[in-house]
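Before any comments, here is the structure.
The values are calculated or read from the model by the stated rules, or taken from the named source; none is laboratory data. All values reported here derive from a predicted model rather than from experimental measurement. No Cβ is skipped: glycine too gets one built from the backbone with ideal geometry, and neighbour counts run over all protein chains shown. Quick note on the areas: whole protein, heavy atoms, side chains included, nothing else; ligands and nucleic acids left out. Shrake-Rupley method; radii C 1.70, N 1.55, O 1.52, S 1.80 Å.
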Amino acid sequence: MAEYVTSSTDSGQKAEESLLFSDPLLSDKLEGFWSASKKLQKKRKDWCEDNKKMYKGEHWTERRPKYRESIVLNLEFMAVETIVPLMTDRQPAPVVMPATNKPASEEQAKKVELALQYHWRRLRMPLMSEQIIRHMVLYRDAIIQPFWNPNIGLYGDVDVELIHFDNFFVDPNATSLDDVLYAIKAIPRSFKYITQKWPDKAEAIKLEGAGEELEESEETKELKQRYLVREFWFWTKDDTDGKYKIAKVCKVGNIIVSQSDNPFYDYEGESQQVTDTLTGGQKDEQRYFNHFDYPKLPFILFSTFNIGNELYSTTSLIEQTAELNRMINKRKSQIQENANLMADSIWVIDEDSGVDEDLLVNRPGLIVKKQSGTEVRRESGVPLPSQVFEDLAHSQSTFDNIFGSHDITRGETSGGRTATESTILRQSDQGRVALLIRHFEGGLEELFNWWVHLMKINYTEAHQVKIFGKEDALEYVELQRTDIEDGIEVIVKVGSTAPVDKLAQRNEYIELARGGLLDPITLYDKMGDFDNVMEMVERLDLWKRGELVTGPQQPPPEGMPPEGEMPPEGSQVPPEAQVPANMVGAPTEKIPADVQEAREEHAMMMQGQIVPPNQNPTEAHMQEHVRLIKAEKEPPVELVQAVEQHVKQEFESYQQQPNQPQQPVV
């Protein structure tokens, strides 16, 4: 869990003696905050627990007889776990806008931007992002707390923690975090934690009995107990200057174990020598190392469907689809029960039929003997009307429409749709996800600004940032707080985390390259995770010139100079060393454009890329495809199939051209 210390510009002892806490009724004031916040927390806990049950598949609320079917088709889990990877597949792109347009300012802004990317990777934020998205969908909102962690590295560094809804209590009258008067993080801790954190207060806490015994164990009583540590953040008026500031107080039971001014804001500043613009001389000026213009409570709220009159969101996707999922479960159960009756129908027999009931089974070829004049018959079930199945399909479709999670987005079969219809449906689903992405990116933007703020306060020593530069080369950048200028702006590039159709994007790049609008380096860089882009480009250039050697080089024929050297003037080239005019790369022949295009397509297919067929192929183009695949030594089966499918589609286009033969030419 998160730990906090005062920043390097604060003194812990001075904070303890701050006049901010001269109020003798402080403990009572904090308990008043606690009591008021618990009312809103209880209300929130109800809907959070209901949503959590739906996600876990606990859908049936009423007690049902054992003979009744209670099928659970957990569409909620399926939809949530479809959205999560879509929203976290791409890394956000923080952009630091420099304070001025001077080169030095731009260079410093770039260093801060690289530091943000480094912290995103260092703190494994892609994994936390998954949890944030789940909280946004399950609990309406997600809450994180950025803080300074002194235990990272030599000098400490920025950190962040995801807070569960059970552990966050807030001013019930607030409509936004900027409007919050107080917020409380409450987490049960072990006595061991208490002893390490506040050794001088541990015995008093133990005597007060603030711990709660969780379970019987052979361990010591201290290890079995948990103590609720409440961390209060609230606005209060400083008697020394009459200004409102943020204070932080920690309580365990009724004991205040620590209290301080806001450790995440530089109130004191640092004296610096600057040039007086009027006199030209030097003068002292106080510089405050804050990125924010004013103090803030160290919490970030990721909202979803907030109509603006309360702090938390009004509803969630799970709440909007919960009843639909229950109706789908009910219909599925009805269908299953009817199928059971149809397959294992009811027997109707007279009491004096003489038939043993244990013999009435569904064994094939069963013969039942009965008394004359009595009745023994099977009552088959009645098939359900078509409206039941239509209602089931309608409920499933409505569920998918609300969640924006259709079969094509989940990676299932397209259900007979055309490629265009599938693309349109996928884009509509992404439009639904885009709403959540806007809120997600807004919260991440606030997080990046918090990191910059904490670095500006605490980077009194140079911190080393490790990043991957061009060609994945490891680079080191040093950053300290004097490098972070006043006036920079930190934003997240809009849509940087939005999901993309990678297949469609790759095809667009191929079309641009085919039209000569994209160079090979950019093409390979955009197509995927190629580790050797420059090597690929060099080999492509050699291949185009017919100079690519894929096997061991053979010694030159007798009478020929080594490769790269010209034969002596007047010498005769042996017949076996002469290059046929139709050989790839023959210097005496210019390669036709359609043949060259086939070679480029073949090279991309060799890399496992999907290459659309040429819409106006020539016979030479298709023959070159066949020649190249035959020239490959033991080509993979998948490659052969891909080339066959590619040529087949090109031949279909070839047949549509006027005056072309109707039989294959290759």
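Of note:
- Within the range 103-127, residues that are farther than 12 Å from Pro92 by Cα and of a type in the set (A, V, I, L, M, F, W, C) reach partners that are at pLDDT 90 or above and part of a helix (DSSP H, G or I) with beta carbons closer than 9 Å, at six or more positions or on different chains, in the pairs Val112/Val452; Val112/Met455; Val112/Asp483; Ala115/Trp451; Ala115/Val452; Ala115/Met455.
- Selection within the range 575-609 - in a loop (DSSP other than H, G, I, E, B), open to solvent by 30 Å² or more (accessible area, probe 1.4 Å), modelled with pLDDT of 50 or more and touching a Lys or Arg at 6+ places or on another chain (Cβ under 9 Å): Ile591
- Residue list for the range 2-28, filter: modelled with pLDDT of 50 or more and exposed (fewer than 15 other Cβ atoms within 10 Å of the Cβ): Asp23, Pro24, Leu25, Ser27, Asp28
- Identity of the residue in the range 251-280, of a type in the set (D, E, K, R) and in contact with a strand residue (DSSP E or B) (Cβ under 7 Å, 6 or more places away or on another chain), that ends up least open to solvent (accessible area, probe 1.4 Å): Lys251
- Scanning the range 148-161 for residues that are among the aliphatic types (A, V, I, L, M) and open to solvent by less than 10 Å² (accessible area, probe 1.4 Å) yields a total of 1.
- Number of the exception - Pro612 against (1) in a helix (DSSP H, G or I); (2) open to solvent by less than 50 Å² (accessible area, probe 1.4 Å): (1)
- Some residue of the range 322-331 being more than 30 Å from Leu435 (Cβ to Cβ), open to solvent by 90 Å² or more (accessible area, probe 1.4 Å) and over 33 Å from the mean Cα position of the chain (by Cα): no
- The residue that is surrounded by the fewest Cβ atoms within 10 Å (Cβ to Cβ), counting only those in the range 78-127 that are in a helix (DSSP H, G or I) and of a type in the set (Ser, Thr, Tyr), is Ser105.
- Only a single item in (1) modelled with pLDDT of 75 or more; (2) open to solvent by 80 Å² or more (accessible area, probe 1.4 Å); (3) of a type in the set (D, E, K, R) is not met by Asp391, and it is number (2).
- The residue that is farthest from Tyr67 (Cα to Cα), among those in the range 341-376 that are open to solvent by 60 Å² or more (accessible area, probe 1.4 Å) and touching a residue at least 24 places away in the same chain (Cβ under 8 Å), is Glu375.
- Close pairs (8 angstrom Cβ cut-off, 6 or more residues apart or separate chains): open to solvent by 10 Å² or more (accessible area, probe 1.4 Å) in the range 128-147, in a strand (DSSP E or B) and not hydrophobic (A, V, I, L, M, F, W, C) anywhere: Arg140/Thr315
- In the range 637-664, the residues that are surrounded by fewer than 15 Cβ atoms within 10 Å (Cβ to Cβ) reach residues that are modelled with pLDDT under 75 and not in a helix (DSSP H, G or I) with C-beta atoms within less than 7 angstrom, at least six apart or across chains, in these pairs: Gln655/Gln662.
- When Ala247, Ala204, Ala186 are checked against the criterion of being out of contact with any His (no Cβ under 7 Å at 6 or more places or on another chain), surrounded by 10 or more Cβ atoms within 10 Å (Cβ to Cβ) and at pLDDT below 90, Ala204 stands alone in meeting it.
- Residue in the range 215-225 that is modelled with pLDDT of 90 or more, outside any strand (DSSP E or B) and of a type in the set (Asp, Glu) present: no
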